[in-house]
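The values are calculated or read from the model by the stated rules, or taken from the named source; none is laboratory data. Note that this is a predicted model, so its numbers are computed, not measured. Here the Cβ positions follow ideal geometry from the backbone for every residue, glycine too, while neighbour counts run over all protein chains shown. SASA here: full protein model, heavy atoms, side chains in, ligands and nucleic acids out. Shrake-Rupley method; radii C 1.70, N 1.55, O 1.52, S 1.80 Å.
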Amino acid sequence: MSRIITLLTDFGTADGYVAEMKGVMLSLVPDAAIVDVTHDVPPQDVESARLALARYWRRFPPGTVHVAVVDPGVGSARAALAVASDDRTLVGPDNGILSPALLLSGAQAVALPVPPTAAPTFHGRDVFAPAAAALARGTPVTALGEPYDTPVVRRTAEPQRLVDGSIQGQVIAVDRFGNAITNCLGLRGGTMEVAGRVLPVARTYADTPPGTLTAICGSNGLIEVAVRDGSAARELGLARGTGVIFRPRS
Amino acid sequence: MSRIITLLTDFGTADGYVAEMKGVMLSLVPDAAIVDVTHDVPPQDVESARLALARYWRRFPPGTVHVAVVDPGVGSARAALAVASDDRTLVGPDNGILSPALLLSGAQAVALPVPPTAAPTFHGRDVFAPAAAALARGTPVTALGEPYDTPVVRRTAEPQRLVDGSIQGQVIAVDRFGNAITNCLGLRGGTMEVAGRVLPVARTYADTPPGTLTAICGSNGLIEVAVRDGSAARELGLARGTGVIFRPRS
Amino acid sequence: MSRIITLLTDFGTADGYVAEMKGVMLSLVPDAAIVDVTHDVPPQDVESARLALARYWRRFPPGTVHVAVVDPGVGSARAALAVASDDRTLVGPDNGILSPALLLSGAQAVALPVPPTAAPTFHGRDVFAPAAAALARGTPVTALGEPYDTPVVRRTAEPQRLVDGSIQGQVIAVDRFGNAITNCLGLRGGTMEVAGRVLPVARTYADTPPGTLTAICGSNGLIEVAVRDGSAARELGLARGTGVIFRPRS
């Protein structure tokens, strides 16, 4: 069976950087199954990468190696991490990108040594790709570096419960469809106030006439503001950080 | 030998939705060879997806599983389909995206049950990915759901033969190069009238000086309007639906 | 072990052309491991493709087959090449895209026959994909065509040493981050003059405060002009061909 290595970067593909990483990994593990997650993370946007990783890392089978490199601090003193968590392993810079795995009970992190020959601008190729290959070959995380007990951890902002029982939240991401994803869990339904509108939380886009605004409970349980067949973010001027008020059904 | 599963969506990759689908499939079929077709279909553009699928689905070897999810109606009453056709299988929403396979004689379609736990906004992950995995493991289409005899079928508009023998057609797609692909079969050559110009149908781009307009017979037999080293669509204002007149060589 | 075939094009993915190539290759070599390099090369930009290929082609293990198709002259008299170099093989049009492999001592090139049934607009599918499949199955390059001794070779412009010891170079590429990569080797450090600014060559982005201009020695040894957390190309108006002066540390 192939060893699965997934790859998330903000490198784009056209410049050949991602291909260099793939070449390094396949030279060390020729039968690896490299799975592209994305190379289209907005440049340097660690927060977007963290939220994407939260979605997928545990959907892959145990034994999967996840590489996640969005790395504005490359070449600085920031640590390079390998993490073992929930039977998967991950490598990436110590800037919070790996938080979803680090926050799980039992997670173990080590600091990867940076060889003196590593290009200070491209740890993806010279540090993370070789480490991922070692993990794919079965090397345990603990054999790759010294334990590292103070990794940077980012958390999604918690919504606040107000005295009247409503929930004050915010937009945490805007996806390709212009859906604005909030930090409000919405499985029970209710109404969402955003940009001066009050929207009932519907079950799915199709419950709404085309072109109209709606709030729905998204596939990860969080409420999204959407325009059916349009872009809610563009129409309402929503962006990361825009405030919302959710009033759960009582 | 790996089981080949191809993947076409309009999800982009940055948000992690596609990675969730890949994780689900690889958890069920760890040795699947997942082949990215594209995730850059314009959002909700079922028609583009259908035309792309028509190009590639039979180029893959028998046994291939094709996943095609452009799904504006997700969560509505539209059926979720699995199709067997010409020794390949396909899954996708019942909105015409799978028409190239459905139109073939002998095609069989079933409606996939939607489990109550499926997110109503993400059948790609919760309905189509598991169905594709089952097909890749060898489960027959007929074991996945009840026969479904009324799938939505879309056809490319047929060009009309006029009394003078000319063919009245239209642009059906514009590709990345700005080439405007028409619905006129052009293997015999002739002239193409478009946006007030009359262009001879050349054999290939290189038969034309750089920067000039040309019509050629494209790689699927249809006449395309192109500008060598430029964009015909931009230069002539061509878009899906723009009318053309083809006069075949007599 | 899977046979690795890498794929670089300027086709984008949405139109289905790349999928057609993948289908052709997997029909001939079902256990091939197809690795996407990129499909986002700017349309017809052979020079970008050549520079990307230079980065990655030897990072992949011996035996890898590289397909590189950016082909403005498709259908013209330009040759279609297969190349053996340094234990890897490559296929692509004879327009300089394969130069990094051709320039290596011992490289062998053959001209691939173009079958009369090949679409004159899509040799990627009808000439290069079948040739790549044959190479992946172990067919030697010399069995695929007649020796071809005059391939087009492109070289990166050499910087000029001036009488005062400084180096007159130019920008050869701009990457996704807006970093402007020059043709000046900079391992020893020094200062870079560009767009009226004089910048010390730093070790890495992180040696510079966010938002400020810097020059660094990039991961392939060439000096890049960068803005930490910004785009140097946009801020200074840099593009391929912009002149620079490098003064090495003495």
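Quick notes
- Interface burial in the stretch A:16-33 reaches 30 Å² or more for A:Tyr17, A:Ala19, A:Glu20, A:Lys22, A:Gly23, A:Leu26, A:Ser27, A:Pro30, comparing the full protein assembly with the chain by itself; accessible area from heavy atoms with a 1.4 Å probe.
- Computed over the alpha carbons of the protein assembly as shown, Rg followed by Dmax gives 26.5, 82 Å.
- Relative to the longest principal axis of the Cα atoms of chain B, the long axis of helix B:17-28 lies at roughly 50 degrees.
- Accessible area buried, both sides summed, chains B and A with 1.4 Å probe, Å²: 2600
- A:Ile34 exposes around 40 Å² of accessible area when a 1.4 Å probe is run over every protein chain in place.
- Anisotropy class of the stretch C:4-147 from Cα gyration tensor, a/c 1.5 cut: rounded
- Residues A:Glu47, B:Glu235, ordered by accessible area of protein heavy atoms at a 1.4 angstrom probe radius and largest first, appear as B:Glu235, A:Glu47.
- Charged neighbours of C:Asn220, selected by a Cβ distance under 13 Å, balance to -1 (K, R count +1; D, E count -1).
- For the residues of B:228-239, the average number of beta carbons from a partner chain within 10 Å of their own beta carbon is 1.
- Tensor-based shape of the stretch A:1-76 (alpha-carbon gyration tensor, a/c under 1.5 rounded, otherwise prolate or oblate): oblate
- The phi-based Karplus calculation (6.51 cos²θ - 1.76 cosθ + 1.60; θ = phi - 60°) puts the 3J(HN,Hα) values of the stretch C:39-55 at 10, 9, 4, x, x, 6, 8, 4, 5, 4, 5, 4, 5, 5, 4, 4, 5 Hz, whole numbers, x for Gly and Pro.
- Spin-label model distance (nm) - C:Glu235 vs A:Arg137, 7 Å beyond Cα toward Cβ: 4.1
- Solution diffusion estimate, µm²/s, Stokes-Einstein, chain B, Kirkwood Rh from C-alpha pairs, 25 °C, viscosity 0.890 mPa s: 126
- For the segment A:49-58, counting C-beta atoms of other chains within 10 Å of every residue's C-beta and taking the mean gives 4.
- Percentage relative contact order, chain C, counting C-alpha pairs under 8 Å, at least six apart: 15
- Computed over protein heavy atoms with a 1.4 Å probe, the carbon and sulfur contribution to the accessible area of the stretch A:1-107 reaches 50%.
- In this structure the amide hydrogen of C:Thr121, modeled in the peptide plane, comes within under 5 Å of no amide hydrogen from residues 5 or more places off or on another chain.
- For the stretch C:95-112, the residues whose amide N sits under 15 Å from a probe point set 7 Å from the Cα of C:Thr156 along the beta carbon direction are C:99-101, C:103-104.
- Sorted from nearest, the other copies put their C:Asp164 label points 7.1, 7.1 nm away, the label point being 7 Å from Cα in the direction of Cβ.
- For the listed peptides B:175-182, C:77-84, a ranking on the average number of other beta carbons within 10 Å per residue, highest first, reads B:175-182, C:77-84.
- Counting from the shortest, the label point at B:Gly241, 7 Å from Cα toward Cβ, is 4.0, 4.0 nm from the same position in each remaining copy.
- Classification of the stretch C:74-217 by its C-alpha gyration tensor yields a prolate form. The axis ratio a/c (a ≥ b ≥ c) is 1.5 or more, and a/b outweighs b/c.
- Test item: C:201-209 mean partner chain Cβ contacts at 10 Å: 4
- What the stretch A:4-147 shows is 28 Å² of accessible area per residue, with the surface traced by a 1.4 Å probe over protein heavy atoms.
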